[in-house]
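So the structure is just underneath, and the comments pick up after that.
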């Protein structure tokens, strides 16, 4: 693995950093306060190729490598984790799943629209009674003639009410567990498909979150993504990609915390000198810097394996677990360094603090990541 970025990767970071500073960061605090979902930024992101990073050019993407995809996600996450969530769902969960599992017709129909932002996607796996155990899903898909009829509810779905296309998982054979799950592509406006917003979140307040509700929603055979019974595998490969982008987004939070705290610690004075001269403040900032380097390198290691098309599930889990927990630590220390200002919306670190926590929960909790890592090391399954 080469630790030096390529010229293309360096230019991508400069370009996305500039865009994030000019277009995303200035409205992030206001969007967070008002709960405004900034869909108006998606066409501008698409014009820069950010919505189609690792998607091949033949399908409307940018054809970038996975390190470049992580750089894009990190820079967006540094400016606004809410928008980074939208980006992660659009690219990592929906578009890359279509690229891997879709028919040629599905790829040609949907991928160019996703890459341009004309279509917004969401990923419907979690249910009220099925979170860490997706095989326990209660949403059903029953074959009636040439149609699949879907009933059930998905919850805590990012992009839920704004999405034009939902990748939804349903059980075709209740009682068969993983073996009965199927994946479906369901377009907004399909009869029997509705959404409901979820409000009052601790963080990611500018991210659209809600429920997907299916009431005798009939879709054709062509809506299947992959074969019947392969839906669980589709979901797990999608989560590998989703966890990678969440980890990269957490690197962005770490960088944001470090940038804010170093600047503040040099300008804020107490006892006649900058607070950055105090040993315990330096201790917190040093830990942020170490965690930032470690998290970024773990993300790049997983991206290196993805570029080579090698197995990377464990390495991605390691990156997601470490980066998300490190982001929570850094955000907590950032609030402490800023003191009372850090406890208010006057400083960005309060938003980092609220936004970081969910990264230890969605795309597989930290506890699930540790079980995946432990199962791999021990050769003993933690799940039945």
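Summary table below
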{"item": "Output for the range 218-234, where each listed residue is surrounded by fewer than 17 Cβ atoms within 10 Å (Cβ to Cβ) and under 20 Å from the mean Cα position of the chain (by Cα)", "result": "233"}
{"item": "Residue that is farthest from residue 142 (Cα to Cα) [pool: residues in the range 174-200 that are part of a loop (DSSP other than H, G, I, E, B) and without any contact (Cβ under 8 Å) to a residue 40 or more places away in the chain]", "result": "200"}
{"item": "Given (1) touching a helix residue (DSSP H, G or I) at 6+ places or on another chain (Cβ under 7 Å); (2) on the phi < 0 side of the Ramachandran plot; (3) touching a residue at least 60 places away in the same chain (Cβ under 8 Å), number of the condition residue 204 does not satisfy", "result": "(2)"}
{"item": "Yes/no for residue 208 being at pLDDT 95 or above and farther than 17 Å from residue 327 by Cβ", "result": "yes"}
{"item": "Within the range 272-282, tally of residues that are surrounded by fewer than 18 Cβ atoms within 10 Å (Cβ to Cβ) and either in contact with a helix residue (DSSP H, G or I) (Cβ under 9 Å, 6 or more places away or on another chain) or not assigned by TED's automatic domain parsing to the domain that holds residue 253 (or both)", "result": "4"}
{"item": "Count of residues meeting criterion [assigned to a strand (DSSP E or B) and buried (at least 19 other Cβ atoms within 10 Å of the Cβ)] in the range 201-217", "result": "6"}
{"item": "Residues of the range 30-50 classified as in contact (Cβ under 8 Å) with a residue 60 or more places away in the chain, more than 14 Å from residue 162 (Cβ to Cβ) and touching a helix residue (DSSP H, G or I) at 6+ places or on another chain (Cβ under 7 Å), total", "result": "3"}
{"item": "The range 60-86: number of residues that are part of a helix (DSSP H, G or I) and either within 18 Å of residue 209 (Cα to Cα) or at pLDDT below 95 (or both)", "result": "7"}
{"item": "Residue pairs meeting the criteria (Cβ under 9 Å; at least 6 apart or on separate chains; first at positive phi, in the range 313-334; second at pLDDT 95 or above)", "result": "none"}
{"item": "When residues of the range 131-140 are limited to those that are in contact with a helix residue (DSSP H, G or I) (Cβ under 8 Å, 6 or more places away or on another chain) and surrounded by 16 or more Cβ atoms within 10 Å (Cβ to Cβ), the one farthest from residue 177 (Cα to Cα)", "result": "134"}
{"item": "Flag for residue 198 being in contact with a strand residue (DSSP E or B) (Cβ under 7 Å, 6 or more places away or on another chain) and under 30 Å from residue 370 (Cα atoms)", "result": "yes"}
{"item": "Check on residue 362, touching a helix residue (DSSP H, G or I) at 6+ places or on another chain (Cβ under 9 Å), within 24 Å of residue 134 (Cα to Cα), in contact (Cβ under 8 Å) with a residue 40 or more places away in the chain and not in a helix (DSSP H, G or I)", "result": "yes"}
{"item": "Unique match (being under 18 Å from the mean Cα position of the chain (by Cα), in the same structural domain as residue 357 (by TED's automatic domain parsing), assigned to a helix (DSSP H, G or I) and surrounded by fewer than 18 Cβ atoms within 10 Å (Cβ to Cβ)) among 262, 237", "result": "237"}
{"item": "Test: residue in the range 303-313 that is under 25 Å from residue 25 (Cβ atoms), crowded, with 21+ Cβ neighbours inside 10 Å and not assigned by TED's automatic domain parsing to the domain that holds residue 204", "result": "yes"}
{"item": "All positions within the range 343-359 that are in a helix (DSSP H, G or I) and surrounded by fewer than 16 Cβ atoms within 10 Å (Cβ to Cβ)", "result": "343"}
{"item": "Test: residue in the range 285-295 that is in the same structural domain as residue 367 (by TED's automatic domain parsing) and either at positive phi or touching a strand residue (DSSP E or B) at 6+ places or on another chain (Cβ under 8 Å) (or both)", "result": "no"}
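Okay, residues lined up against (1) in the same structural domain as residue 308 (by TED's automatic domain parsing); (2) modelled with pLDDT of 95 or more; (3) part of a strand (DSSP E or B); (4) in contact with a helix residue (DSSP H, G or I) (Cβ under 8 Å, 6 or more places away or on another chain):
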site	(1), (2), (3), (4)
58	no, yes, no, no
88	no, yes, no, yes
95	no, yes, no, yes
111	no, yes, no, yes
142	no, yes, yes, no
148	no, yes, yes, yes
154	no, yes, yes, no
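The values are calculated or read from the model by the stated rules, or taken from the named source; none is laboratory data. As the structure is a computational prediction, the values presented were derived from the model and not from experiment. Cβ: placed from backbone, ideal geometry, glycine included. Neighbour counts: every protein chain shown.
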